[in-house]
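Working notes for the structure below.
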Amino acid sequence: MKTQDHPAAADAFVADDAHAHWHDQALWFIRAKRDKCAHGLPEWEELRELAAQIKQHTIAHLGDYLEQFERNATRLGAVVHWARDAAEHNAIILALLQEHCVRRMVKSKSMLTEECGLNPFLEQQGIEVTDTDLGEWIVQLRHEHPSHIVLPAIHIKKEDVGELFHRELGTEKGATDPAYLTEAARHRLREKFLAAEAGLTGVNFGIAETGGFVVCTNEGNSDLGTSLPPIHIASMGIEKLVPRLDDMGVFLRLLARSATGQPITAYSTHYHGPRPGCELHIVLVDNGRTKLLASEEFRNSLRCIRCGACLNTCPVYRRSGGHSYGVSVAGPIGSIVNPSRDPEKHRSLPFACTLCGSCADVCPVKIDLPNQLLSWRKRIAELGLIEPSKRRLMRLAGRILSTPRLYAFAGKAGRTLLRFAPRWAVYNRFNPWGRQREMPLPPKESFREWHKRQSQQEKQ
Amino acid sequence: MRVGLFIPCYIDQFYPRVGIATLRLLEHFHAGEIEFPAAQICCGQPMANAGCMADARPAAERFVATFRSYDYIVAPSGSCVTMVRNHYHGLVADEVALSEVQAKTFELCEFLTDVLQIEPPVGRFPRRVGLHQSCHGLRELRLGSDSELNIPPFNKTESLLANLDGIEFAKLERPDECCGFGGSFAIYEEGVSCMMGRDRIADHERGGAEVLTAGDMSCLMHLDGLIRRERRPLRVLHVAELLAEALGLTISD
């Protein structure tokens, strides 16, 4: 499996300075909106604590709550399927679609189906899948993947959307007016909605005590996609559960505020069983989640409600773009959940982080992301997946920084080199620090040398 | 009261003035008997943050052994202090010694405000200062409230500077965004690291900063590297140097 190297992909993103700054600003704008919401609710920190506890409790009793959810959902007339991994998830959905002779399906936003690679799988079987979330549809038309779990097309400028729609939908060339472009998309998508024989949605929250679930969107596309076709398939990660309907009073208040700085999403739709005469299928997916559940260190990452706040605040994500992570869920939370599936492939992700800690403080369910990223670094080192050159460097640094005579010698030698060596000997391709930055100005004396001299002078 | 002064390795080697300023401040505020135990070297963070725990262990063991006998341990670095206080578990065999040391290790500013409980110092610093909030001090040691949390605002570092005569603070668009240093991140993710650094500098410049200060010299080493390469007119001072200068303490020989 090819290793996704974050630094190389990030360097390519940063190389277009204007675009990288535009991307950073666009996401910072959302982070600032989120701050305004968070500071507008006096009980904000209490809500976060409550949400963290509810989720932690649910995770601790996940098996029981899943069975309760299945019982209640079945009682309401839904059919519950269990998928161990992405392949099983895709196979279940394909079988359902084939059974009902479905050729066209509309989909509202679901990062889980991205994670499972459902679209290409179904397309190979001759089934047309249309993503109906505007951002996700734009990304689909470009044959790309979402770069953000909530804002899938955040990396694309409106000029590029105009160009794409001109090509794909025949809109006027050079058009960039969002209202005009959205209207064009709306018309084409309406045809897709009307022609669809099945609708697939993700799930934001599954409610164990009722067997119902909640889908949050701003565009109402999931509502249309589940109101017209006779079959509704809901793909749900097993961590999406909450115990009680009342818990929605906590999570719906946190989700949109954290995600986009809105008090609530435009649509928070509750589904309780199928519409009369229709079918509702719920596919519960593990795909590595029980591995996280089994791990003491990473378990609480299952609290995640996929709001994207940690992406919006991450100074590295904002300046390297979602695609630089090479995964369906990018950013800080992605750098925790993806290595659990394939540590070798994703070994650079836990290092794509300065450990600034901002993600932990915006997280509405209080996941200790920086600590988990540190734990991943440790695990990756234990698995022998750190580059040999870095490994050797750290071994050497560890020796020098714990052996007084070596340390004194290396310090003095380094400072002397910096003082007297010609510039080319210090600033060259072997010194990434010096590519854009000056090295520190080396003093004649270290602090300890100064201190020793002072103490001796005092004695005399 | 015996205070062990911890001068982190890179400050020892590259920024002795910061060490001297820290020592002078502790003397000035009568912190007690201040010693610099020569056996100290490094907290071990460079290796630990790279995931190489076995390589970090000897440094951590050395730190605990060196400082165990002191009443307090003070360092001019939030980052090294949080390493000791929050990330030493599993690195040091003697857990009793470890928790003792963790409980008495302080970052310089919080030692002044919380342990010595000094009044905001009176001195003079007639400059417009950009105060960079170093992340580890801010979000791990909670030396101040960050912009993410909805909690009453406070800032221990700023409170030490606020009473200086003539000082003004640059108003920032992003008051506590990371500078992009991040230890080995600065090397292995050089592109993003430098972009982050330049963005921070630009924010401080827009706020009219003449002097850039912070509680962590590592952030400043990175920012200063960019400032000097681009010949920007910002003067870079660790908060200990700034305070010492404002109080008229001598920090050369």
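Just so you know, all these numbers are worked out from the coordinates, no wet-lab data involved. Only a predicted model underlies this, so the values are computations on that prediction, with no experimental measurement involved. Neighbour counts run over all protein chains shown; Cβ positions are idealised from the backbone, glycine included.
Antiparallel beta bridges, as assigned by DSSP with both residues in chain A, represent about 25 percent of the total such bridges. Dipole magnitude for the protein assembly as shown: about 1800 debye, using +1 per Lys or Arg Cβ and -1 per Asp or Glu Cβ, origin at the Cα centre.
Convex hull of alpha carbon positions in region A:41-287: directionally averaged projected area 13.4 nm².
Calculated over the protein assembly as shown, the projected area of the Cα convex hull averaged across directions stands at 32.2 nm². Rounded to the nearest 5, the antiparallel percentage of DSSP beta bridges internal to region A:41-287 is 25%. If R0 is taken as 45 Å, the Cβ-Cβ distance between residue A:245 and residue A:344 corresponds to a FRET efficiency of 0.60. Look at A:307, A:278, A:101 and count the other Cβ atoms within 10 Å of each Cβ; fewest to most, that gives A:101, A:278, A:307.
Residues of region B:29-72 with amide nitrogen under 17 Å from the 7 Å Cα-to-Cβ point of residue A:395? What the label zone holds, given the 17 Å backbone N cut-off, is B:47-48, B:50-59. A helix-only calculation puts chain B at -12000 deg cm²/dmol for mean residue ellipticity at 222 nm, using -39500 (n - 2.57) for each DSSP H run of at least four residues, averaged over all residues.
Of the peptides B:60-73, A:82-95, the order by per-residue mean of other Cβ atoms within 10 Å, starting with the highest, comes out as B:60-73, A:82-95. For chain B, relative contact order (Cα pairs under 8 Å, six or more residues apart, normalised by length) works out to 21 percent.
The magnitude of the dipole of region A:389-459, with charges of +1 and -1 set on the Cβ of Lys/Arg and Asp/Glu and taken from the Cα centre, is near 360 debye. This model, with +1 at the C-beta of Lys and Arg and -1 at the C-beta of Asp and Glu, gives region B:128-246 a dipole about its Cα centre of some 200 debye.
When you restrict to C-alpha pairs under 8 Å that are six or more residues apart and normalise by the size of region A:41-287, the relative contact order lands at 28 percent.
For chain A, relative contact order (Cα pairs under 8 Å, six or more residues apart, normalised by length) works out to 22 percent. Can you tell me the orientation of helix A:447-459 relative to chain A, as the angle in degrees between its alpha-carbon axis and the longest Cα principal axis, to the nearest 10? For helix A:447-459, the angle is close to 40 degrees. Peptide A:370-376 has a mean of 2 when you count, residue by residue, the C-beta atoms of other protein chains within 10 Å of its C-beta.
Please list, by residue number, everything in region A:360-389 whose backbone N is under 17 Å from a paramagnetic label point 7 Å out along Cα→Cβ of residue A:53. Label zone hits: A:364-367. Computed extension gain for residue A:275 through residue A:290, at 0.36 nm per residue and net of the alpha carbon distance, reaches 2.2 nm. Taking each DSSP H run with n ≥ 4 as -39500 (n - 2.57) and averaging over every residue of chain A yields -16000 deg cm²/dmol at 222 nm.
Under the simplified labelling scheme, the residue A:297-residue A:74 pair shows an inter-label distance of 3.8 nm, with each label point 7 Å from Cα along Cα→Cβ.
Full extension of the chain between residue A:416 and residue A:267 yields a length gain of 47.1 nm, computed as 0.36 nm times the residue separation minus the alpha carbon distance. With both labels modelled 7 Å from their Cα along Cα-to-Cβ, the residue A:26 to residue B:94 distance reads 5.6 nm.
Mean per-residue shielding of peptide B:32-45 is 3, counting Cβ atoms of other chains within 10 Å of each Cβ. Cβ-Cβ distance of residue B:154 and residue A:17, R₀ of 25 Å, FRET efficiency by 1/(1 + (r/R0)^6): the value works out to about 0.10. I'd like to know which of A:428, A:417, A:120 lies farthest towards the positive end of the charge dipole of chain A, counting +1 on Cβ of Lys and Arg and -1 on Cβ of Asp and Glu. Value computed over the given set: A:417.
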